[in-house]
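Structure first, then comments.
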Amino acid sequence: MGDHNVNYLEAKKGLKSWLVTVDHKRIGLMYLFSVLFFFLAGGVFALLFRAELLTAKGDMVSADTYNTFFTLHGVIMVFLVIIPSVPAALGNFVLPLQLGAKDVAFPKLNLLSLYIFWIGATMALGTIIVGTLDPTLIGRVDTGWTFYTPYSSNGGTAVIWMTLAAFILGFSSILTGMNFIVTIHRLRAPGLTWFRLPLFIWAIYATSIIQVMATPVLGITLLLLIMENVVGIGIFNPNLGGDPVLFQHFFWFYSHPAVYIMILPGMAVQSELIAVFSQKKLFGYKYVAFSSLAIAIISFIVWGHHMFVSGQSELLSMIFSFLTFLVAIPSGVKIFNWVATMYKGSISLKTPMLWALNFMFLFTIGGLTGLHLGTLSTDVHLHDTYFVVAHFHYVMMGGTLMTFVGGIFYWWPKMTGYTYNENLGRASAIIVFIGFNVTFLIQFVMGAQGMPRRYYQYIEQYEKFHVVSTIGAFILLVGFLIAAFALVQSLIQKNKAPDNPWKARSLEWTHTATPPVEHNFIGQPVVEYGPYDYDAPMVVETLESLEAKGQPYQFSEA
Amino acid sequence: MDETQKFFDDMTKMKVQAANEWWTPDAVTQAAQTVDGVYNLITIVCVIFFVGIIVPMFYFTWKYHRKSEEQVAVSQEDHSTFLEILWSAGPMVLLFYLFFVGFRGFLDLRVEPEGAMEVGVRAYQWGWEFQYSEDFEGNPTKCTTKVNFNEPLYLPTQRPVKFIMTSSDVLHSFYLPSFRQKGDVIPGRYNTVWVEAPADKADDYTLFCTEYCGRSHSQMAATLRFVDPPEFNKWLKEKQKTSCGGVSLKRGKQIYDGVCKTCHSLDGSKGTGPTFKGLWAKEETLEDGSKVTVDETYVQESILKPNAKIVKGYPAAMPAQELDEDEIKSMFKFLQSVK
Ligand SMILES: [Cu+2]
Ligand SMILES: [Cu+2]
């Protein structure tokens, strides 16, 4: 046993102490570095195919290689980066701290989810590598991240392995989700009522509910795929009497909610950053909190908007289009409330806030262009073109990824105990902002002009747009490299961070050291005010400290 | 495979007519113009909302910028029921309107007018085959006239054309940007798309595949040539001569160019499938090591049930072909001619 008052990084030493740890902070860090590694891999594939797309003719790599590149980019970014990014990496680190708890409800289960994540990731990468080196063995992984049948069932067993990997990864997120739900219900500090929870917790709570409810559908889909490929029962394959469109229903029944598994956590971080760096109560707290739950529920009934041109009945398309418009409202409500929070605040433009402003700008574009796609008549034209590619990059990358990086810069001092170079951090945010818009804004134009997605070769008319987009991708590379440099440099320079550099009011900043001690807090923190009550006098009390003063803790709603 | 490469390279020269290359392509039909109207409307709504969100955001960042460490927020105002209702209900009304106009335009795109000329479309890995069974006036053709996408596919102006589409293998999608029309092409099912080009819009329009379908997905671009009705009829009559002409070497060559060329070469080089050079009467080694002579029976089986016997060293990647008896016999003639 280490000394409980020593910080969690130094409490125990050696590789083994990391691999068998049940400390949510260490597990969070291991998730974080795994995710960052996969982000690098996914990014490299993107740069490779953006380079191929510089010219209209397919000339740099073969069509098969190109198809593998975009598939790997999609699979890695969705399943190994965006889905685990905020919930598993930041959530694991921050959630128990914000709740005033010593750990998550089931620490060992938490470690198990990390291992399951690693197994799933290894399996996904293994399939990719085997499939690419020798396609005759299991077939190439060249189906796109959507694995549509019957193309995916013709190529060999690779798709089974990939779906199995996705399912194992899903298991990891189901376990994390359950763990978080129980932790939020059971381990809140005295005085931490539901409406005193930081909005980060609310959004993670909504995410966890979707994870637990939607991911099993992916499992069912996999079972059906296996039954078809191994036993020969016709389900999706028309040659066996199956229905290929059925697969799309199954896939999107999971994957549309999964879109919100990806974006809600981004919104979670965003609420924290906007409030802290404006030093102002979050405007419309309850509306923002409940909008997360509304999104979680409606997200289950809009999947058919991916299938407007699939021959699905017009009536069904009408209903799905209508419901899709409904889900726009709670997202809009969040944006309006964030802007209103900044009104009359005291706004500090530190690195995390710049990433939060990136989110606001980019996610707004992403959300609004969703209207073009949710509207039936325009979607017929834009479906499966670069317009869609631009739209979901603005939402997923402009949304979740920006706040993920913002969140890293926000909690980095807490995680490591060191401060980074503010100028480098800001420069990275600005360069990424520029690179992002250069890469993706032009893709809306391409899509409107009719450029289909997943094209290896294209008509020359689109070439100039592609050149711009590729240049943007390399600007993005520079931006992210600077961000990485700033973080690595902080570990080398070792400039000690203060306990609460951002003047935040949530427990991870007020009640524990930077970096936190092994069991998070010395004593049991009590909460006397809301998470964003920057005007209230700071109270840093624990059950024990109140006891010592002879004023035992009593809950008051004030 | 040089000829194939040239075919692919030529594809990159195709055009999607666009007077304004920063917006949507030129709209050929009334329905397409309506779609553009909705597109423009939504874009205006987006710009208004975007400005309404981002301008205040930047203004607040500038106006309430923290100038000293001690500076605190001017106000801690944290809710307004009025605003919440305003910014939930306001957009809701607008969104319902967008939903409604979108749905109306969608019905226009989906429901074809009376008396459309029906054209069959068969998509395969990787190409398109159009099947004509009537001319402009609706007189039946001698036989189902098949035309492949390696040449322009003719269609008449001034009459609605309804494409009845199915796929031989995997999913494809039939996309005509200039008409704002799209429909997935699904094996084992029929999906439809309709268009009508007015007289003054006789021109070449590009067809794309927009559902990822494997290696040559991006090389399924085809030219749809809309011409005056008499010219269309004349072309169709010409096509019937080869298509309905029984067994001929020419017909075999035509099928090869249209369908088999992407996988089988004539010059001995190895593609997705074995070369056709010197194939006829050759002793072929199969996957399980057994040998078979390439004759009528074997070739017919290779075409109709390609996976029954797999050539050693090749994947089971050949899709089953839907050729009729005359077409298969024409193919024999063609294969015999490739020495
Ligand atoms: Cu969706
Ligand atoms: Cu395709």
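The values are calculated or read from the model by the stated rules, or taken from the named source; none is laboratory data. Being a predicted model, the structure only gives us computed values, none of them experimental. A quick note on method: Cβ atoms are made from the backbone with ideal geometry, for glycine too, and the neighbour counts reach across all protein chains shown. Keep in mind that these areas ignore ligands, DNA and RNA; they rest on the heavy atoms of the full protein, side chains included. Shrake-Rupley method; radii C 1.70, N 1.55, O 1.52, S 1.80 Å.
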Please list, in chain and number order, the residues 5+ apart from B:Val227 or on another chain whose amide H is under 5 Å from its amide H, with Hs placed from the backbone.
-> B:Leu155, B:Thr157
Along the charge dipole of the protein assembly as shown, Cβ charges K/R +1 and D/E -1, which of B:Ala317, B:Gly246, A:Leu164 sits furthest on the positive end?
-> A:Leu164
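Report, in debye and to the nearest 20, how large the dipole of the range B:8-70 comes out about its Cα centre when Lys and Arg carry +1 and Asp and Glu carry -1 on their Cβ. Could the numbers behind the result be given before it?
Working: 5 positive and 7 negative charges, 66 e Å.
Using Cβ point charges on Lys, Arg, Asp and Glu, the range B:8-70 gives about 320 debye.
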Other chains' Cβ within 10 Å of B:60-70 residues: what's the mean?
-> 5
List the cysteines in the protein assembly as shown whose Cβ has no other cysteine Cβ under 4.7 Å from it.
-> B:Cys46, B:Cys209, B:Cys213, B:Cys260, B:Cys263
On a 0 to 90 degree scale, rounded to 10, what angle separates helix B:2-11 from the longest Cα axis of chain B?
-> 30 degrees
Compactness of the range A:38-165 - radius of gyration and Dmax, Cα, Å | 17.7, 58
Once you treat every alpha carbon in chain A as an equal point and sum by Debye, what is log10 I(q)/I(0) at q = 0.06, 0.09, 0.12 Å⁻¹?
-> -0.29, -0.67, -1.19
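Inside 10 Å of the C-beta atoms of A:281-292, what's the mean count of C-beta atoms belonging to other chains? Show your work: numbers first, answer last.
Numbers: counts 6, 2, 6, 7, 2, 2, 7, 0, 0, 0, 1, 0.
Going residue by residue through A:281-292 and averaging, the value is 3.
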Sorted by chain and number, the residues with a modelled amide H under 5 Å from that of A:Gln279, at a separation of 5 or more or across chains, are A:Ser346
What is the set of long-range amide H partners of B:Val119 at a cut-off below 5 Å, with H atoms built 1.01 Å from backbone N?
-> B:Lys162, B:Phe163, B:Ile164
HN-Hα couplings for the range A:6-18 via Karplus (6.51, -1.76, 1.60; θ = phi - 60°), in whole Hz with x for Gly/Pro, come out as 8, 5, 4, 6, 9, 4, 9, 10, x, 4, 5, 4, 7
Would you mind checking the radius of gyration and Dmax of chain B based on alpha-carbon positions, in Å?
-> 27.6, 92
By the scheme Lys and Arg +1, Asp and Glu -1, what is the net charge of all other residues having a beta-carbon under 13 Å from that of A:Tyr31?
-> +1
For the range B:14-26, Karplus couplings with θ = phi - 60° (6.51, -1.76, 1.60), whole Hz, Gly/Pro x | 4, 10, 10, 4, 8, 5, 10, 7, 9, 10, 8, x, 4
Residue-ordered couplings for the range B:323-339, obtained by feeding phi - 60° into the Karplus form 6.51 cos²θ - 1.76 cosθ + 1.60 and rounding to whole Hz (Gly and Pro as x), are 10, 8, 4, 4, 5, 5, 5, 4, 5, 3, 4, 5, 4, 4, 7, 8, 8
Note down the magnitude of the dipole of the range B:249-337 about its Cα centre, charges +1 on Lys and Arg C-beta and -1 on Asp and Glu C-beta and zero elsewhere, to the nearest 20 debye.
-> 340 debye
Give the Kirkwood hydrodynamic radius (Å, one decimal) of the range B:29-129, defined as one over the mean of 1/r across all pairs of different Cα atoms.
-> 19.0 Å
Roughly how big is chain A's charge dipole about its Cα centre, with Cβ charges of +1 (Lys, Arg) and -1 (Asp, Glu), in debye to the nearest 20?
-> 960 debye
If you build a Gaussian network model of chain B, linking Cα atoms that sit under 10 Å apart, which residue out of B:Lys291, B:Lys239, B:Lys253 swings the most?
-> B:Lys291
P(r) histogram, all alpha-carbon pairs of the range A:377-462 included - 10 Å bins from 0, percent | 16, 36, 24, 16, 9, 1
Solvent exposure ordering (accessible area, 1.4 Å, most first) of A:Tyr386, A:Tyr418 = A:Tyr418, A:Tyr386
Can you give me the span-like helices of chain A, meaning DSSP H runs with 30 Å or more of Cα extent along the axis and Kyte-Doolittle mean at or above -0.5?
-> A:24-52, A:107-133, A:158-186, A:199-226, A:244-278, A:314-342, A:351-374, A:422-448, A:463-493
Placing +1 on each Lys and Arg Cβ and -1 on each Asp and Glu Cβ in chain A, then taking the dipole about the Cα centre, the residue among A:Pro452, A:Leu424, A:Leu316 whose Cα reaches farthest towards the positive end is A:Leu424
Can you pull the semi-axes for the range B:193-235, root of five times each eigenvalue of the Cα gyration tensor, sorted largest first, whole Å?
-> 27, 11, 8
DSSP-defined beta bridges in chain B - what % are antiparallel, rounded to 5 | 70 percent
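Given a 1.4 Å probe and heavy atoms of the protein chains only, how would you sort B:Lys162, B:Lys6, largest accessible area at the top?
B:Lys6, B:Lys162
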For the range B:113-200, what are the per-bin percents of Cα-Cα distances with bins 5 Å wide, up to the bin holding the maximum?
-> 3, 14, 23, 28, 19, 10, 2, 0
Kirkwood radius from Cα pairs of the range B:249-337 plugged into Stokes-Einstein at 37 °C, 0.692 mPa s, gives D in µm²/s equal to 250 µm²/s
Considering only A:Gly120, A:Met60, A:Val78, whose Cα is most displaced toward the positive end of the charge dipole of the range A:1-156, charges sitting on Cβ of Lys, Arg (+1) and Asp, Glu (-1)?
-> A:Gly120
